[in-house]
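Below is one structure, written out as structure tokens, with a few remarks after it.
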Amino acid sequence: AQKITQTQPGMFVQEKEAVTLDCTYDTSDPSYGLFWYKQPSSGEMIFLIYQGSYDQQNATEGRYSLNFQKARKSANLVISASQLGDSAMYFCAMREGWKGAQKLVFGQGTRLTINP
Amino acid sequence: NAGVMQNPRHLVRRRGQEARLRCSPMKGHSHVYWYRQLPEEGLKFMVYLQKENIIDESGMPKERFSAEFPKEGPSILRIQQVVRGDSAAYFCASSPSQGGSNEQYFGPGTRLTVT
């Protein structure tokens, strides 16, 4: 079974609009962390935002916010006021919390294109 | 403060040759992770190492692949007798310790092409 599901292979958004990238996850561990990474065409992986399973508030980092709905097991990324430079692949990832299992499990990604 | 360093950035090997990928973690980081990204896919975990120890190698293919993180020097991912299916981007990440909000900092990746 997929641990991380990103259902949008591609999204096209007008510049300056807000965009929501979907991510659902599957785990039975009560302790876990959720991450979003951006991968531009140059290929590097850029950390955007982190949400811990016990965090009471949704994480925010500048124009990025994470809409964390624990009961629905979703961790959608919201980018406000999109810019042309936001065009990239976006990956949602999860780290499960039990000792020794520190690997990140990634979704398939969403390719975001910002149109001028 | 230098980030995670990987070299080479691009590596071309003929089928049957060996590929050695190097990763130097960020200063002060003692945990290293290797991931593989096939074209148009997400990253897949391969192995997690601490200095001189392999902690989790559940994502490593059983044959031809090995990894080490010696007491001194970079972490090495070694692929013996490469095949075309090994062509991928290989990313190394490091973190200072386990758990919590400690993000894994990624290197720029090594793009391996097997001809």
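The values are calculated or read from the model by the stated rules, or taken from the named source; none is laboratory data. Remember, predicted model here, so these are calculated numbers, not experimental data. Note: ideal-geometry Cβ built from the backbone for every residue, glycine included; neighbour counts use all protein chains shown. Keep in mind that these areas ignore ligands, DNA and RNA; they rest on the heavy atoms of the full protein, side chains included. Shrake-Rupley method; radii C 1.70, N 1.55, O 1.52, S 1.80 Å.
For the reader, a short list of remarks on this structure follows.
- Taking 25 Å as the straight-line reach from the Cα of B:Lys71, the lysines in range (excluding those fewer than 8 positions away in the same chain) are A:Lys99, A:Lys103, B:Lys27, B:Lys51, B:Lys62.
- Buried solvent-accessible surface, both chains (B, A), 1.4 Å probe, Å² to nearest 100: 1800 Å²
- 19 Å reach of a label modelled at B:Gln80, 7 Å along Cα-to-Cβ, counting backbone N of the stretch B:37-52: B:47
- Descending semi-axes in whole angstrom, ellipsoid equivalent of the stretch A:1-106, from the Cα gyration tensor: 24, 15, 13
- Accessible-area composition of chain A, carbon plus sulfur, in percent [1.4 Å probe]: 50 percent
- Accessible surface, chain B, averaged per residue in Å² (probe 1.4 Å): 50 Å²
- FRET E, pair A:Ser80, B:Met5, Förster distance 41 Å, beta-carbon r, rounded to 0.05: 0.75
- Simple label model, 7 Å out from Cα along Cβ direction - B:Lys27 to B:Glu68, nm: 2.7 nm
- A:Gly109 long-range amide H proximity, modeled H, under 5 Å: A:Gln6, A:Cys92
- Histogram of C-alpha separations across the protein assembly as shown, 5 Å bin width, %: 1, 7, 14, 18, 18, 16, 13, 8, 4, 1, 0
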